[in-house]
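Down below is the structure, laid out as structure tokens.
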Amino acid sequence: MLGAVPRWLRLIAGGLLSGLVAGAAAGLGARLVMYAVRVANPAFNGSVTHESVVNGRWPVEGTMGVVVTGMFFGFIGGPLYLLVRSLLGPRTVVRGALAGVLLLVAFGSDVLDGRYEYSRFVSPRVSVSAFAALFLLYGIVLAVVADAISPPQPARHHRLRSLGAVALFA
């Protein structure tokens with residue numbers, strides 16, 4: 001059935017849908033990381049975070065807020081991935097991991113901004129590493145979903161594209 005849909009339409013749909021799905025996965029992952037940080041140090045149960053949330057609670061509206069925020073930013077990243085995926089290598093998971101690393105390099109300092117909650121509940125090495133890993137999760141889910149909806153064109157020059165990916169990363 002997808003064969004009858006024009007390629008440009010599959011690209012647009014693939015970019016937007018994969019961005020939404022990957023953003024939702026990253027949002028759920030962020031919520032799980034928050035839970036893991038809470039479990040790692042139960043002494044802070046009942047304390048109030050900078051977002052005026054009581055630590056130790058897991059309200060549905062808070063979870064949905066994190067997931068929707070992830071979907072919003074993911075929505076933007078999907079089409080961007082499709083623009084650069086030919087430069088990121090021949091394999092889907094490698095492309096996704098590299099896309100996640102590029103996003104971490106580009107936007108990690110904005111997300112992992114050093115607010116005191118990264119060091120308040122557990123070691124910053126633990127919390128920042130866990131949240132940084134969400135960039136990889138996002139990139140891999142994004143690549144898998146996008147490539148399933150809109151498969152990439154067969155690559156002819158893998159070495160040239162690999163060099164392009166290294167240059168883009170640098």
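The values are calculated or read from the model by the stated rules, or taken from the named source; none is laboratory data. This one's a predicted model, so the numbers in the text were calculated from it and none came from an experiment. Cβ coordinates were reconstructed from backbone atoms using ideal geometry, including for glycine residues, and neighbour counts include every protein chain displayed. Calculation scope for accessible area: heavy atoms of the full protein, side chains included, ligands and nucleic acids excluded. Shrake-Rupley method; radii C 1.70, N 1.55, O 1.52, S 1.80 Å.
A search for C-beta distances below 9 Å between a residue of the range 133-160 that is within 12 Å of residue 10 (Cα to Cα) and any residue that is modelled with pLDDT under 80, counting only pairs 6+ apart in sequence or on different chains, returns 149/2; 149/10; 150/2; 150/7; 150/10; 151/10.
Residue by residue, here is whether (1) farther than 30 Å from residue 4 by Cβ; (2) in contact with a Gly (Cβ under 9 Å, 6 or more places away or on another chain); (3) at pLDDT 90 or above holds:
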residue	(1), (2), (3)
94	yes, no, yes
110	yes, no, no
120	yes, no, no
123	yes, no, no
133	yes, yes, yes
143	no, yes, yes
153	no, no, no
159	yes, no, no
164	yes, no, no
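Within the option set 85, 31, 38, 57, being of a type in the set (Lys, Arg) and within 17 Å of residue 147 (Cα to Cα) holds for one residue only, 85. Filter the range 1-37 down to the residues that are open to solvent by 70 Å² or more (accessible area, probe 1.4 Å) and more than 18 Å from residue 82 (Cα to Cα) and list them by number. If the condition is that a residue be open to solvent by 70 Å² or more (accessible area, probe 1.4 Å) and more than 18 Å from residue 82 (Cα to Cα), then 1, 3, 4, 28, 32, 34, 35 are the ones that fit.
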